[in-house]
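Worksheet: the structure to be examined is printed underneath.
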Amino acid sequence: MNPAVRLQGLRKTYANGTEALKGIDLAVEAGDFFALLGPNGAGKSTAIGILASLVRKSGGRVEVYGHDLDREPREVKRRIGLVPQEFNFNQWEPVEEIVINQAGYYGIPRRLAYDKARRVLKALDLWDRRRVQARSLSGGLKRRLMIARALVHEPPLMILDEPTAGVDIEIRRSMWAFMQEINRAGTTIILTTHYLEEAENLCRNIAIIDEGRIVEKSTMQALLHRLHRQSFLLTLRHPLETPPEGAPVKLSRFDPYTLEATLEQEQTLNSLFCWLEGRGIEVLSMRNKQNRLEQFFMDRVRRRKAEAEA
Ligand code: ADP
Ligand code: MG
């Protein structure tokens with residue numbers, strides 16, 4: 001594996017004592033389309049901020065394409081293009097200036113910066129608007145300007161922090177098409193999101209972060225497979241003293257009056273009901289558990305509670 005990013009024991013404690021990252025190990029392969037998933041407050045922006053030299057880490061190591069953040073911060077910086085969540089360009093500046101000036105930050109001479117700006121502005125359909133003030137752009141075009149600016153120094157790694165929060169479907173689609181295109185052309189992409197739906201069609205590999213810790217690393221495919229399992233809660237007429245054994249599907253006792261059944265894609269509820277009937281277990285009602293990323297986190301909270309009580 002040729003990692004674009006390697007994080008080892010990454011920690012961040014903010015001045016107010018908030019432990020945003022509690023030791024994160026993560027590797028993102030060069031060329032990957034990678035999602036860092038997690039609920040609000042999990043630590044996603046903090047991790048991204050450290051990578052992009054916007055947040056100072058409290059401990060651990062960061063390497064970007066083999067360059068250590070502490071020893072070679074400039075080498076790290078020039079390999080990263082960051083699209084932060086909020087618009088943070090000068091709204092009064094013309095579109096073209098914003099992009100050219102960004103190139104200037106990376107020490108690209110003005111003449112060359114102009115050529116590079118033209119290339120990204122054309123790629124993002126902003127060329128015709130290059131002379132207008134950024135504030136006159138629509139929300140979608142502002143988003144594209146953020147991307148153009150992040151790409152102007154041709155970084156091999158592009159990081160997007162919650163890129164489509166508050167962005168409408170059309171713009172979202174065109175953004176994704178563009179990101180896929182540059183990914184196919186070799187750019188490594190990392191995005192953070194708390195919407196699974198956003199990442200599921202795009203990303204190959206994922207990590208899930210919760211309360212400052214990585215709680216899952218997998219392929220998107222494997223995660224979706226797991227989340228596509230369906231869970232049902234069955235309410236029983238009579239309490240069950242012991243957990244039922246030998247059921248044709250995964251069955252556990254949630255409480256004496258409630259069973260939780262988890263069905264893999266190919267399993268059916270019918271087989272379960274036959275089995276329950278054969279045991280004289282009477283079901284009063286059944287409800288579908290919502291079962292996506294939110295469920296994943298709720299399950300974790302429940303497990304943590306159960307562990308704390310045990
Ligand atoms: P996410 O991007 O996953 O929503 P963040 O990385 O923004 O999460 O935040 C992680 C935790 O750190 C949260 O508890 C948040 O309140 C806290 N936090 C973020 N930025 C700061 C800051 N500048 N000062 C103090 N606490 C912060
Ligand atoms: Mg964030």
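The values are calculated or read from the model by the stated rules, or taken from the named source; none is laboratory data. Since the model is a prediction, treat every value here as computed from it, not as a measurement. Positions of Cβ are generated from backbone atoms using ideal geometry, with glycine treated the same way; all protein chains shown enter the neighbour counts.
Before moving on, here are some points about what is shown:
- In the range 119-147, of all residues being free of Cβ contacts under 8 Å to residues at least 12 places away in the same chain and of a type in the set (D, E, K, R), the one that is farthest from THR187 (Cα to Cα) corresponds to ASP128.
- Looking across the range 11-60, the residues that are of a type in the set (Lys, Arg), out of contact with any Gly (no Cβ under 7 Å at 6 or more places or on another chain) and more than 16 Å from ligand 2 (Cβ to nearest atom) come down to ARG56, LYS57.
- Residues located in the range 129-185, provided they are within 16 Å of ligand 1 (Cβ to nearest atom) and modelled with pLDDT of 90 or more: ILE159, LEU160, ASP161
- Residue pairs whose Cβ atoms lie under 6 Å apart, separated by 6 or more positions or on different chains, with the first residue in the range 37-66 and over 11 Å from ILE209 (Cβ atoms) and free of Cβ contacts under 8 Å to residues at least 24 places away in the same chain and the second within 13 Å of ligand 1 (Cβ to nearest atom) and not in a strand (DSSP E or B), are GLY49/VAL55.
- For the range 79-119, filtered to residues that are aromatic (Phe, Trp, Tyr) and over 30 Å from GLY66 (Cβ atoms), the residue that is surrounded by the most Cβ atoms within 10 Å (Cβ to Cβ) is PHE89.
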